[in-house]
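Since the structure comes first, as structure tokens, the remarks are kept for the end.
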Amino acid sequence: MFQQKWWVLGFLFSTYTLIAQTAGSLTGRVLDNKSLLPLPGATVVVDEINVGVITDEEGYFYIKDLPAQTYNITASYLGYENQTKFNVIVKSVGTSDLLFKLDEVAELLEEVVVAKSPFRTSKETPLSTQSLSAVEIETYPGGNNDIAKVAQSLPGISPSIGGFRNDFIIRGGAPNETVYYLDGVEIPNINHFSTQGSAGGPVGMLNVDFIREVTLSTSAFGAEYDNPLSGVLAFEQREGNTQNTATKLRIGASEAGITLNTPLLKGDKERANTTLMLSARRSYLQFIFALVGLPIRPDYWDYQWKLTHTIDNYNTLSFIGLGSIDDFSVVAPEEFDAEQQSTIEQVPIIQQQTTTMGLSWTRKFKNGNGRLRTTLSTNRLQNIFSRYADNEQKTGVLFENDALEQETKLRVHFTQFKGAWKFGAGINLQHSKYENDTFGQREGFDYNSEFDFMKYGLFGKASRDFMNNRLSLSLGIRADADTFSTGSTLVDNLSPRISASLQLDENQRWKMNASAGRYFKLLPYTVLGFQDNAGNFINKNNRYTQSNHYVLGLEFNRTPTSRITIEGFLKDYNQYPVSILDQVSLANKGGGFEVLGNEPITDTGNGKSYGLEVLFQQKLTKNFYGVLAYTYFFSEFSRGDGPELPTVWDSRNLLSFTGGYKLRRNWEVSLRYRYAGQTPYVPTNVDASLSAYPLIVLDYNRLGEEKLDVFSQGDLRIDKKWNFKKLSFNLYFEVQNFLAQAVPQPPEYGLDRDAEGNILSPRNLSVVDTNRTQTPLPSFGFVFDF
């Protein structure tokens with residue numbers, strides 16, 4: 001019977017496929033990568049069918065009557081490197097526009113075609129970088145169109161404990177060592193229910209329909225970025241639609257969202273100078289949990305916008321924004337369940353709101369030799385994090401952190417090209433405001449913090465090619481300081497960096513890359529704002545956290561669309577914050593639902609993370625694309641002046657694979673697999689937890705005595721697209737954990753109770769039978785373009 005149902009369903013799909021073969025169109029623009037000015041007369045070709053067009057005087061192109069399917073698109077221009085965009089999905093409605101930025105060839109050789117590598121690198125960051133297109137994010141298995149969750153599967157990133165949070169634990173570093181930028185605007189939080197002092201959370205906020213490309217750098221950071229210790233995650237948004245209004249509706253397993261992309265004030269012009277992208281998303285996970293009888297109620301909204309106005313060919317204004325409204329509460333089930341009861345008692349109650357807004361002005365120099373980008377932005381986090389003796393009634397406060405973080409930033413970035421040299425310089429000014437009302441019964445905390453200060457920084461960098469373009473070299477330096485903390489000065493925080501890349505053969509297939517750099521990070525506001533009972537800011541005299549990176553890599557471009565890389569890396573940490581209460585490095589914290597750093601610390605910690613990473617990557621070729629990566633590493637941090645010990649992220653082995661295969665009739669099958677070795681965890685201090693219950697107290701002195709089992713999870717996804725005249729429709733079905741592997745987690749504890757839920761006397765804590773199954777989790781969703 002089950003097989004008959006699937007046979008009928010397959011027949012219906014095939015029938016609709018035959019009906020819905022409507023052609024689509026493809027638009028985009030070709031620019032000079034140096035000046036960002038249009039390239040009129042450039043050729044844009046659809047590789048699979050060898051159909052091409054020429055760009056107009058503004059660099060735009062339009063290809064119509066394309067069969068709705070997947071293509072690779074190549075742009076070329078005399079004297080420039082060819083560039084190919086892979087895995088471009090053409091639909092009858094809602095096809096995303098393309099943007100090509102072509103690099104000029106230094107020496108034009110007759111009858112020689114020079115193609116740009118499809119793998120995104122730069123002279124400043126020639127290694128330790130990966131990028132994802134919007135199409136790759138949309139069809140990612142287990143990603144649910146969540147950009148943060150998808151990026152977690154990139155090479156060198158460890159899964160969080162439990163595997164469901166979007167914490168960026170890169171090459172053995174801590175979860176709060178990555179910074180996030182959206183079109184050059186820094187975003188402190190990219191997740192709902194984010195951990196204050198860190199940035200991880202269970203659900204990402206960013207809308208994939210706004211995104212053109214996501215790039216993660218795990219070393220060799222650009223000098224324009226302040227505060228990264230392990231990673232820079234940069235999101236590039238697409239431009240708004242200058243000609244027609246487009247709407248997209250997404251209905252997923254846990255939320256629904258709508259996106260509007262439209263020109264404004266177009267009038268009779270062919271293209272509008274002003275465009276607007278606007279979206280809103282609402283969760284319904286809380287209703288699903290109520291239906292199935294789960295006690296938690298995660299309720300969230302998010303919204304995003306981008307307003308762009310082109311003044312002329314040389315000046316553009318952009319106003320972007322991103323925000324969220326989160327509410328996490330609990331409701332007791334009708335019937336007693338030991339696991340659900342412990343969850344109700346122990347989880348935090350969270351009310352959180354975030355907003356980020358940024359106004360950017362990009363001015364291109366008329367001689368084509370540079371540009372100036374000025375950005376004014378503000379961000380705000382309001383976080384009320386509480387634990388109660390009675391979470392359901394919200395009575396009996398045991399811990400409460402009512403905090404406000406607000407930043408206003410001015411960034412100026414100047415880029416100049418002189419001959420073979422590329423120069424960059426800039427400044428950043430930041431006003432920070434922090435308020436925090438904290439009560440902790442067990443810790444004896446009861447204080448109110450309120451302060452503001454200025455943070456400032458400057459940077460410079462230069463790069464060029466040597467030896468007939470076989471050797472590229474980049475140098476950079478930046479320095480940061482602030483008017484509140486007293487542990488470091490501008491000179492103390494000087495952070496030089498150098499990167500080099502050498503072509504080893506005439507065919508440009510082998511390349512050696514290297515980088516070294518020193519990076520600093522200001523302590524989180526939760527650390528700086530902590531006060532003792534006398535009202536003293538006892539953490540303000542601690543220094544910025546320091547990380548020295550050394551990376552050496554070998555790259556082999558097996559074909560024009562595939563590569564193999566091997567990288568050895570070392571991250572050497574100094575001045576790392578250590579908890580005085582728990583006598584443990586803060587590198588072991590920040591990966592759960594908590595407030596990171598709201599405690600007294602010292603900056604006497606050290607650490608190392610080092611290892612080897614091997615990667616194979618192939619862009620879409622013969623219907624297949626994929627990334628396979630293996631990382632072997634050590635993550636060790638000290639508890640102060642003592643020896644360096646393995647951290648909770650020290651799994652030693654990371655293996656990841658993500659790939660997909662394009663089938664006929666717009667079917668696609670994609671697969672993701674992640675593996676992490678046994679990981680140390682912090683055992684529960686049962687006696688202290690019994691005394692403090694429902695607070696659970698961890699015994700950091702026993703860190704490393706026990707390990708979680710290996711993490712092994714596979715996710716499978718199947719996509720099918722239909723194209724009609726005024727509607728494009730995508731149905732996806734995915735199975736998370738299709739290998740039916742148990743997700744390792746530390747033991748959970750709860751009070752002993754009878755069958756009716758009454759607490760037994762004398763009170764005692766015991767391990768809760770979580771009834772965790774290894775059952776795969778199926779889900780499906782819809783995407784409508786109209």
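The values are calculated or read from the model by the stated rules, or taken from the named source; none is laboratory data. Predicted model only: the values in this text are computed from it and were never measured. Don't worry about glycine lacking a Cβ; one is built from the backbone with ideal geometry, like all the others, and counts go over all protein chains shown. SASA here: full protein model, heavy atoms, side chains in, ligands and nucleic acids out. Shrake-Rupley method; radii C 1.70, N 1.55, O 1.52, S 1.80 Å.
Centre-to-centre separation between the Cα atoms of the range 456-507 and those of the range 184-215: 26 Å.
Please label the shape of the range 150-293 as rounded, prolate or oblate, based on the square roots a ≥ b ≥ c of the eigenvalues of the alpha-carbon gyration tensor (a/c under 1.5 means rounded; beyond that, a/b larger than b/c means prolate, else oblate). Let's see the in-between values first.
Numbers: a/c = 2.84, a/b = 1.30, b/c = 2.19.
Taking the square roots of the gyration eigenvalues as a ≥ b ≥ c, the range 150-293 is oblate.
Give me the net charge of Ser691's neighbourhood, meaning all other residues with Cβ under 10 Å from the Cβ of Ser691; Lys, Arg count +1, Asp, Glu -1.
Values: positive: Arg442, Arg763; negative: Asp687.
Net local charge, Ser691 excluded: +1.
Overall form of the range 115-172: oblate. Here a/c, set by the Cα gyration tensor axes a ≥ b ≥ c, is 1.5 or more, and a/b is not larger than b/c. Diffusion coefficient of the range 631-786 by Stokes-Einstein, Kirkwood radius over Cα pairs, 4 °C, 1.567 mPa s: 66 µm²/s.
Enumerate by residue number the GluC sites (Glu not before Pro) in the range 235-317 meeting two conditions: DSSP loop (anything except H, G, I, E, B), and at most 14 other Cβ atoms within 10 Å of the site's Cβ. Before the final figure, lay out each step's value.
Details: sites: Glu236, Glu239, Glu255, Glu270; in loops: Glu239, Glu270.
Filter output for the range 235-317: Glu270.
For the range 343-405, what is the convex hull (Cα atoms) projected area averaged across all directions, in square nanometres?
Computed as one quarter of the Cα hull surface, the answer is 6.3 nm².
Where does each of 199-208, 446-455 land if you order them by average Cβ count within 10 Å, highest first? Walk me through the numbers before you get to the answer.
Working: 199-208: 24.7, 446-455: 14.7.
Packing order, densest peptide first, comes out as 199-208, 446-455.
With a 1.4 Å probe and all protein chains left in place, how much of the accessible area of the chain comes from carbon and sulfur atoms, in whole percent? Percent of accessible area from carbon and sulfur atoms in the chain: 56. Seen through its C-alpha gyration tensor, with square-root eigenvalues sorted a ≥ b ≥ c, the range 642-699 comes out oblate because a/c lies at 1.5 or above while a/b is not bigger than b/c.
If the range 344-468 were replaced by its equivalent ellipsoid, with semi-axes equal to the square roots of 5 times the Cα gyration tensor eigenvalues, what would those be, largest first, whole Å?
On the way: eigenvalues 450, 42, 39 Å².
Working from the Cα gyration tensor, I get semi-axes of 47, 15, 14 Å.
Taking the centroid of alpha carbons for each part, the range 276-318 and the range 703-718 are 31 Å apart.
The alpha-carbon of Lys91 sits under 24 angstrom from the alpha-carbons of these lysines, leaving out residues fewer than 8 places away in its chain: Lys64, Lys101, Lys248, Lys306, Lys619, Lys622, Lys662, Lys720, Lys721, Lys725, Lys726. For the range 738-786, the equivalent ellipsoid built from the Cα gyration tensor has semi-axes of 38, 16, 9 Å, listed from largest to smallest.
Might you report the magnitude of the Cβ-based charge dipole of the chain about its Cα centre, with Lys and Arg at +1 and Asp and Glu at -1, to the nearest 20 debye? Intermediate results must be reported in sequence, preceding the final value.
Details: 74 positive and 87 negative charges, 611 e Å.
For the chain, the charge dipole is close to 2940 debye.
The amide H of Gln237, built 1.01 Å from its N in the peptide plane, has Asp183, Arg212 as neighbours under 5 Å, considering only residues 5 or more places off or on other chains.
How big is the equivalent ellipsoid of the range 392-526 along its three axes, where each semi-axis is √(5λ) from the Cα gyration tensor, reported in whole Å from largest to smallest? Before the final figure, lay out the partial values.
On the way: eigenvalues 417, 72, 34 Å².
Its equivalent ellipsoid spans semi-axes of 46, 19, 13 Å.
Rounded to the nearest whole Hz, the Karplus-based 3J(HN,Hα) values (6.51 cos²θ - 1.76 cosθ + 1.60, θ = phi - 60°) of the range 72-86 follow the sequence 10, 10, 10, 10, 9, 7, 4, x, 10, 6, 5, 9, 10, 9, 9, with x at glycine and proline.
What whole-number value in Å² describes the accessible area per residue of the chain for a 1.4 Å probe? Before the final figure, lay out each step's value.
Details: 33190 Å² over 786 residues.
For the chain, the solvent-accessible area averages 42 Å² per residue.
In the range 299-401, Rg over Rh equals 1.31, where Rg is the alpha-carbon radius of gyration and Rh the Kirkwood radius from pairwise Cα distances.
May I have the convex hull volume per residue, in Å³, for the Cα set of the range 146-227? Intermediate values should be presented prior to the final figure.
On the way: hull volume 8.1 nm³, N = 82.
Expressed per residue, the convex hull around the Cα atoms of the range 146-227 is 99 Å³.
With the convex hull drawn over the C-alpha atoms of the range 194-251, the volume per residue is 132 Å³. Value of Rg to Rh for the range 40-198, rounded to two decimals, is 1.03; Kirkwood radius and Rg both from alpha-carbon coordinates. Using the Stokes-Einstein relation with a Kirkwood hydrodynamic radius computed over Cα pairs, the translational diffusion coefficient of the range 615-717 at 10 °C and a viscosity of 1.306 mPa s comes to 94 µm²/s. Among the lysines of the range 428-523, pairs that are 8 or more positions apart or on different chains and have alpha carbons within less than 27 Å of each other number 5. In bins 5 Å wide, starting from 0, what share of all Cα pairs of the range 215-345 does each bin hold, as a percent? Result, from short to long distances: 2, 8, 12, 12, 12, 12, 12, 11, 7, 5, 3, 2, 1, 0 percent. Two numbers describe the Cα atoms of the range 573-623: Rg and Dmax, which are 18.4, 57 Å.
Quick one: order Tyr610, Tyr661, Tyr693 from most to least accessible surface, probe 1.4 Å. Please list the in-between numbers first.
Numbers: Tyr610 75, Tyr661 100, Tyr693 30 Å².
Reading off the accessible areas and sorting them downward yields Tyr661, Tyr610, Tyr693.
How many percent of the alpha carbon pairs in the range 542-656 exceed a separation of 23 Å? Kindly include the intermediate steps, with their values, before the conclusion.
On the way: 2914 of 6555 pairs.
Counting pairs separated by more than 23 Å, the tail of P(r) holds 44 percent.
For the chain, the pair-distance distribution built from all alpha carbon pairs, in bins 10 Å wide starting at 0, is 2, 13, 24, 27, 20, 10, 4, 1, 0 percent. Taking 20 °C and 1.002 mPa s as conditions, the range 386-454 diffuses translationally at an estimated 135 µm²/s according to Stokes-Einstein applied to its Kirkwood radius (Cα pairs).
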